[in-house]
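Novice: There's a structure below that I have some questions on.
The values are calculated or read from the model by the stated rules, or taken from the named source; none is laboratory data. The structure presented is a predicted model; accordingly, all values stated were derived computationally and were not measured. Positions of Cβ are backbone-derived with ideal geometry, glycine not excepted, and every protein chain shown enters the neighbour counts.
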Amino acid sequence: MNDSAAHREDWTASEELAERMIPLIGALRREHDVVTSLHGHRLLGLSATGLVEVHERVAQLGHERLPIEDSLAVLEAIHALAPGASSLDVARLVAGHASSGESLETYLADVLAPAMGAVAAEPTDVVLYGFGRIGRLLARILIAHTGGGSGLRLRAIVVRRGSENDLVKRASLLLRDSVHGRFAGSVTLDEEAEQIIANGTRIQVIYSDDPATIDYTAHGIDDAIVVDNTGRWRDEAGLSQHLRSKGVARVLLTAPGKSPLKNIVHGINDDTITDSDRMVSAASCTTNAITPVLAAIDEAYGVVKGHVETVHSFTNDQNLIDNFHKGDRRGRSAVLNMVITETGAAKAVAKALPQLEGKLTGSSIRVPTPDVSLAVLHLTIERPATKDQVNDYLRRVSLHSKLRQQIDYVESPDVVSTDFVGSHRAGIVDGLATIADEDTLILYVWYDNEFGYSCQVIRVLEVMAGSHPIVLPERREVTLQG
């Protein structure tokens, strides 16, 4: 057998194993509220080819190659054990078993003991106030995460009526997206009830321009978290209007919030959210992208000072063609120009990482791409660094640390911005672009400023609702030395 035929046979065998994984992954989610991942890469909804590809991807990060037959064996054993609501990393379970010297069943019974009998969180109603770029992506994620009815439950969207066929247009925009592709499933309408039905989830469409006068309880919605995607109100006075509506318990803003609102970057300061916080902010996409990386670097090397330059995709607040705009330069065509503008992301980092207060400056250039942005971190550090050392550290952080939901890492000479559309991570370190020279460190961090940020918003929502399941194996601390 020649090499080509052998490789094809190996691929076919891997696909067959992956096909056997799919029903196990689905059954664990539906029957036990168990979410499975591979070094943080979610497995639910992946095709057989996608499952093979994600195994290859983690190997390309320099991690030990994970045989797909080992993943299948772990999934079969987990399904037999039937743990309760939990988030399980199959790759880390495989690695843990390999070093344990125990049988797979004995090892898993011990590691998964905290999840045995774990009960899923009570459902929490979620309302999306606004249904633009972020609102529709949040809807997609919430619908995809719907399992046995527990956890976050999308119940309604609130919009201003735009036309007679408004409902049809809203549903069409949810179904089709020029950047993120077609919705994974079916979208239909109940026009009489003014509801969008997406993969069996009924979403009430409420038409209103006044956040203070909506009776959500009339639609069976109570103690809801309202996610304000409009950006119209960023202070307590404005956002508190939502709390005057019947059925609303808390509010989450998807934009930088003004003091004294807490600006939350999940993975960094989400532990500061208390039950008494009725209004919080999920900060900005750029703040979410750079803060985890800065936190990791500050812990290992110490950040003395730095400048953050963001190369940011254009957004809805810019003009397609030259026209009047109240902001400087943003009136010029977004699709024909690079536009210098301001960003408050660098200063906003200190709201999540107080130790960096006054140490960072920032600026931004809007460019003619619809999604995915790039942050260039030019840092002066306390302890000297080499490129290989920094990259090895950040790669391990992305695989094993408590920040692995936030930080990803890539080494490829050919990656460009479109390769990161749909990334679940807040930011992706481009290892080949790293520059390190003693006390100077320059890092390039890609981020899907739409989808990656939306994933961070969902994580904050889970904290507010108390719906995030137990994570096993427990994530470990990653040090500079290893």
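Novice: Which one is farthest from the chain's Cα centre (by Cα) among residues in the stretch 86-103 that are buried (at least 18 other Cβ atoms within 10 Å of the Cβ) and assigned to a helix (DSSP H, G or I)?
Specialist: By that ranking, first place goes to His97.
Novice: Go through the stretch 136-194 residue by residue and tally those that are hydrophobic (A, V, I, L, M, F, W, C) and at positive phi.
Specialist: Quick first cut of the stretch 136-194, residues hydrophobic (A, V, I, L, M, F, W, C) only: 137-139, 141-144, 152, 154, 156-159, 167-168, 171, 173-175, 179, 183-184, 187, 189, 193.
Now drop any that are not at positive phi, which leaves none.
Residues that pass the stated criteria total 0.
Novice: Checking the conditions here, which among Lys347, Lys351 is out of contact with any Leu (no Cβ under 8 Å at 6 or more places or on another chain) and either more than 18 Å from Tyr444 (Cβ to Cβ) or without any contact (Cβ under 8 Å) to a residue 24 or more places away in the chain (or both)? Please lay out each step first, then the result.
Specialist: Numbers: Lys347 fails: out of contact with any Leu (no Cβ under 8 Å at 6 or more places or on another chain).
The unique qualifying residue is Lys351.
Novice: Across the stretch 301-321, which residue is surrounded by the fewest Cβ atoms within 10 Å (Cβ to Cβ) among those that are of a type in the set (Gly, Ala, Ser) and over 22 Å from the mean Cα position of the chain (by Cα)? Let's see the steps before the verdict.
Specialist: First, pick out the residues of the stretch 301-321 that are of a type in the set (Gly, Ala, Ser): 302, 306, 313.
Remaining after also requiring over 22 Å from the mean Cα position of the chain (by Cα): 302, 306.
Numbers: Gly302: 14, Gly306: 25.
Going through the qualifying residues, I end up with Gly302.
Novice: Now a separate question. The conditions are (1) in contact with a strand residue (DSSP E or B) (Cβ under 9 Å, 6 or more places away or on another chain); (2) buried (at least 16 other Cβ atoms within 10 Å of the Cβ), and Ser240 fails exactly one of them. Which is it?
Specialist: Only one criterion is unmet by Ser240, namely (2).
Novice: Return the residues of the stretch 269-304 that are of a type in the set (Val, Ile, Thr) and not in a helix (DSSP H, G or I); say none if nothing qualifies. Can you show your working first?
Specialist: Taking the stretch 269-304 first, the residues of a type in the set (Val, Ile, Thr) are 272-274, 280, 286-287, 290-291, 293, 297, 303-304.
Ile273, Thr274, Val280, Val303, Val304, listed by residue number.
Novice: On to the next question. If I filter the stretch 391-419 down to residues being among the hydroxyl-bearing types (Ser, Thr, Tyr) and in a helix (DSSP H, G or I), which single residue comes out as surrounded by the most Cβ atoms within 10 Å (Cβ to Cβ)?
Specialist: Keep residues of the stretch 391-419 that are among the hydroxyl-bearing types (Ser, Thr, Tyr), which gives 393, 398, 401, 409, 412, 417-418.
Narrowing further to those that are in a helix (DSSP H, G or I): 393, 398, 417-418.
On the way: Tyr393: 23, Ser398: 29, Ser417: 18, Thr418: 12.
By that ranking, first place goes to Ser398.
Novice: Pairs needed: first member in the stretch 35-49, farther than 16 Å from Val94 by Cα and part of a loop (DSSP other than H, G, I, E, B); second member anywhere, at pLDDT 85 or above and not aliphatic (A, V, I, L, M); C-beta distance under 8 Å; at least 6 residues apart or different chains.
Specialist: Leu44/Gly26; Leu44/Arg29; Leu44/Thr36
Novice: Something else: How do the strands (runs of 3 or more DSSP E) wholly within the stretch 154-242 filter down when requiring 1 or more residues that are out of contact with any Asp or Glu (no Cβ under 7 Å at 6 or more places or on another chain) and farther than 21 Å from Asp277 by Cα: which remain? Please lay out each step first, then the result.
Specialist: Values: elements: 187-190, 195-198, 201-207, 224-228.
Per the criteria, 187-190, 195-198, 201-207.
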